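The values are calculated or read from the model by the stated rules, or taken from the named source; none is laboratory data. Treat the numbers as computed from the prediction; the structure is a model and nothing was measured. Reconstructed Cβ throughout: ideal geometry from the backbone, glycine too, with neighbour counts over all protein chains shown. Surface areas here come from the heavy atoms of the whole protein model, side chains and all, with no ligands, DNA or RNA. Shrake-Rupley method; radii C 1.70, N 1.55, O 1.52, S 1.80 Å.
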Amino acid sequence: MIKEFKEFIARGNVIDLAVGVIIGSAFTAIVKSLTDNLINPLIGIFLGKVDLSNLKFSIGDATFKYGSFLNAIINFFIVAIVVFILVKIINKVVKNEPEEPEEEEVDVSAQYLEEIRDLLKEQAKKKMKIAPKQIFH
């Protein structure tokens, strides 16, 4: 069981996933800081409130913090834009690598017909070479 676990961990996909999760966590912290410390105050200037996360309304005893929801939406759009740009860059880099030509699957009957055709061509060439020699001799 330990051997199987080592093989599982040693797979490239698991390691790539772990690196992606770690980088994603760090990136999320950066985006949250960008939203909370730069974008929200800028939006707050136009709305008259400095902190969007404190925006809320109450109905009876229920309080709805729509400012926190707006923060989450802003964070999502920032992450989505950055991921979109990264994917575009990666696709351009990957496209520039030469692609290996794919081998076409040949139908067996077509392959046999091609072999027969080639044999008939060879026989025809042999007959053409022999015939002129017989005429001159």
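Would you mind getting me the FRET efficiency between Lys56 and Phe84? Use the beta-carbon distance for r and R0 = 35 Å, nearest 0.05. Show your work: numbers first, answer last.
Values: r = 32 Å, r/R0 = 0.90.
It comes to 0.65.
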### Query
Which whole-number percentage describes the relative contact order of the range 34-74, with Cα contacts under 8 Å and a sequence gap of 6 or more?
32 percent
### Query
Measuring from label point to label point, each 7 Å out along Cα→Cβ, what is the Ile73 to Ala10 span in nm?
5.0 nm
### Task
Determine ³J(HN,Hα), in whole Hz, for all residues of the range 54-60 in sequence, where each value follows from phi through the Karplus function 6.51 cos²θ - 1.76 cosθ + 1.60 and θ = phi - 60°; x replaces Gly and Pro.
8, 5, 7, 9, 10, 10, x
### Query
So for the pair Ile22, Ile2, with labels modelled 7 Å out along Cα→Cβ, what separation do we get in nm?
2.4 nm
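Could you sort the peptides 59-72, 80-93 by per-residue average Cβ neighbour count (10 Å cutoff), highest mean leading?
On the way: 59-72: 11.9, 80-93: 10.2.
Descending packing order for the listed peptides: 59-72, 80-93.
Just need the relative contact order of the range 1-66 here, percent rounded to a whole number, with Cα pairs under 8 Å and 6+ apart. Let's see the in-between values first.
Details: 29 pairs, mean separation 8.8, N = 66.
After rounding, I find 13 percent.
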### Query
What distance in nm separates the simple spin-label points at Ile30 and Leu113, each placed 7 Å from Cα in the Cβ direction?
5.9 nm
### Query
Using θ = phi - 60° and the Karplus form 6.51 cos²θ - 1.76 cosθ + 1.60, what ³J(HN,Hα) does each residue of the range 76-81 get, whole Hz, x for Gly and Pro?
4, 5, 5, 4, 4, 5
### Query
What part of the accessible area of the range 1-78, given as a whole %, is carbon or sulfur when the probe is 1.4 angstrom?
71 percent
